[in-house]
Amino acid sequence: MSSQIQVPKTMKAIQVDKPGGPEVNVLREIPVPTPKEDEVLVKVQWTGVNYIDNYFRQGLYPKEFPYTVGGDAVGTLVSTPSNSKYKAGQRIFTTAGSSFAEYLVAPTSRIAVLPDDIDARDGVSMGTQALTALYLLKESYEVKKGDWILVRAAAGGVGLILIQIAKYLGVNVIGTVSTPDKAELAKQYGADHVVLTTTPSADNVAEINKLSGGGVHAVYDGVGKDTWEENFELIRRKGTIVTYGNASGPVPSFAPLKLSPKSLKVTRPSLFSVISTAEEYEWYTTELVKIVRDGKIKFAVHKEYELTAEDVAQAQKDIASRGTTGKLLVHVSD
Ligand SMILES: NC(=O)c1ccc[n+]([C@@H]2O[C@H](COP(=O)([O-])OP(=O)(O)OC[C@H]3O[C@@H](n4cnc5c(N)ncnc54)[C@H](OP(=O)(O)O)[C@@H]3O)[C@@H](O)[C@H]2O)c1
């Protein structure tokens, strides 16, 4: 290991001991983790809230308790394996987890250098949310210039980034959102059309089918249960429904025969199974850094929180409230 920076023995971290509501987040003083071979130690500067934090805390997704909360972070490398291409002092972004803490360990296969000309806070959005938006458009359904796509929760964290990458790739984007303010924001971020989900669904289906000339090529849906059935009415023949989240609850089980009238494809990807190998991580982070440096993505921040149990509980409540747009950030250190 090579290290230049003095590391304390203990650190502040937000932990969860048992499934429950936002109140089960506790702030603790715990030992600074020790990196294993092929791992780096990172001093965290900013971390971010993701919808998945609620799924882990509630027990919807499997997780061993107790655990340290968090997914994405931007920070400085404190120690690196002696044979690695990384050096202490470099600024990186990562989706390695346990990031609601002053220090985290990450495998070298799950970090990427954050160039000096990218803001640290933007680097947090470049973790889970932007990598997801990018893989959804590159792999879950690989968009082609001129395609029509539907983006659910278009003013959300993933949604606003998805719109911008899709526009960069030459795609026509229809967003759905729940309020006029969110509709305005989604348009500002490049959506060609935005449909309010507060209007009756028969109207929505007719409008989306008309706008897209007979249905969209793909639906990108992080809402889940509430929008599942409607997706089948606004997708075109041979289209792809990408269901990637459960903001309103998980989608119900269904028979494959449901896909046959339009010969549809359905896929249910997750970031960690799509971008799983070191090569995949490097390809996606390199591509993302290039798009960001080209000025193609503007990151929206809903609010900045502090590393306290109260703030983290509030942030997790906020992201599930339908009242947020863009990213919720947590400041960890200067
Ligand atoms: N599979 C993956 O790899 C992956 C990776 C990252 C995120 N995700 C998933 O993607 C989804 C979006 O994540 P995000 O972090 O960007 O969150 P977000 O979109 O900022 O927030 C969720 C949005 O979902 C919409 N929504 C619709 N019905 C809702 C309900 N009943 N309760 C709460 N929200 C509802 C709301 O937008 P409107 O008010 O406009 O409807 C809300 O703002 C989440 O389900 C998340 O788990 C999946």
Residues in the stretch 164-179: is at least one within 16 Å of the chain's Cα centre (by Cα), within 17 Å of Asp221 (Cα to Cα) and open to solvent by less than 10 Å² (accessible area, probe 1.4 Å)? yes
Return the residues of the stretch 285-310 that are surrounded by fewer than 21 Cβ atoms within 10 Å (Cβ to Cβ) and in a helix (DSSP H, G or I); say none if nothing qualifies. Thr286, Glu287, Val289, Lys290, Ile291, Arg293, Ala309, Glu310
Arg152 fails exactly one of the following numbered conditions: (1) touching a Leu at 6+ places or on another chain (Cβ under 9 Å); (2) in the same structural domain as Thr197 (by TED's automatic domain parsing); (3) of a type outside the set (Ser, Thr, Tyr); (4) crowded, with 24+ Cβ neighbours inside 10 Å. What is the number of that condition? (1)
Single residue of the stretch 78-106 satisfying the filter (of a type in the set (A, V, I, L, M) and under 20 Å from Thr128 (Cβ atoms)) that is surrounded by the most Cβ atoms within 10 Å (Cβ to Cβ): Leu104
Can you spot a residue in the stretch 48-58 that is out of contact with any helix residue (DSSP H, G or I) (no Cβ under 7 Å at 6 or more places or on another chain) and part of a strand (DSSP E or B)? no
Can Ala112 be described as within 18 Å of Val44 (Cβ to Cβ) and either at pLDDT below 95 or of a type in the set (A, V, I, L, M, F, W, C) (or both)? yes
Quick check on my filter: what residues within the stretch 260-276 are within 16 Å of the ligand (Cβ to nearest atom) and not in a helix (DSSP H, G or I)? Val266, Thr267, Arg268, Pro269, Ser270, Ile275, Ser276
Given Gly213, Gly222, which one is loosely packed, with under 13 Cβ neighbours inside 10 Å, touching a residue at least 12 places away in the same chain (Cβ under 8 Å) and not acidic (Asp, Glu)? Gly213
For the stretch 130-141, does any single residue satisfy the condition of being in contact with a helix residue (DSSP H, G or I) (Cβ under 8 Å, 6 or more places away or on another chain) and assigned to a loop (DSSP other than H, G, I, E, B)? no
For the stretch 2-12, indicate whether the set of residues that are open to solvent by 10 Å² or more (accessible area, probe 1.4 Å), in contact (Cβ under 8 Å) with a residue 60 or more places away in the chain and among the aliphatic types (A, V, I, L, M) is non-empty. yes
Within the stretch 22-34, tally of residues that are outside any strand (DSSP E or B) and open to solvent by less than 30 Å² (accessible area, probe 1.4 Å): 3
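Looking at Ser140, Ser125 in this structure, which one is open to solvent by less than 30 Å² (accessible area, probe 1.4 Å), in contact with a Lys or Arg (Cβ under 7 Å, 6 or more places away or on another chain) and within 15 Å of the ligand (Cβ to nearest atom)?
Selected residue: Ser125, the only one of Ser140, Ser125 that is open to solvent by less than 30 Å² (accessible area, probe 1.4 Å), in contact with a Lys or Arg (Cβ under 7 Å, 6 or more places away or on another chain) and within 15 Å of the ligand (Cβ to nearest atom).
Residue-by-condition table, conditions (1) within 30 Å of Ile111 (Cα to Cα); (2) modelled with pLDDT under 95; (3) more than 20 Å from the chain's Cα centre (by Cα):
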position	(1), (2), (3)
Thr199	no, yes, yes
Ser212	no, no, yes
Arg236	no, no, yes
Thr240	no, no, yes
Leu271	yes, no, no
Since Glu229 meets every condition but one in (1) modelled with pLDDT under 95; (2) exposed (fewer than 15 other Cβ atoms within 10 Å of the Cβ), which condition does it not meet? (1)
Please state which of the following conditions Glu37 fails to meet, knowing it meets all the rest: (1) over 14 Å from Ile319 (Cα atoms); (2) within 16 Å of the ligand (Cβ to nearest atom); (3) modelled with pLDDT under 95. (2)
For the stretch 246-269, pairs from a residue that is more than 27 Å from Lys138 (Cβ to Cβ) to a residue that is more than 10 Å from the ligand (Cβ to nearest atom), with Cβ under 8 Å and 6 or more apart or across chains, are Pro252/Trp228
Among the residues of the stretch 35-77, which ones are among the acidic types (Asp, Glu) and open to solvent by 20 Å² or more (accessible area, probe 1.4 Å)? Glu37, Asp38, Glu39, Glu64
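The values are calculated or read from the model by the stated rules, or taken from the named source; none is laboratory data. If you're wondering where the values come from, they're calculated on a predicted model, not measured in any experiment. Backbone-built Cβ (ideal geometry, glycine too); neighbour counts: all protein chains shown. These area figures cover heavy atoms from the full protein model, side chains too; ligands, DNA and RNA do not enter into them. Shrake-Rupley method; radii C 1.70, N 1.55, O 1.52, S 1.80 Å.
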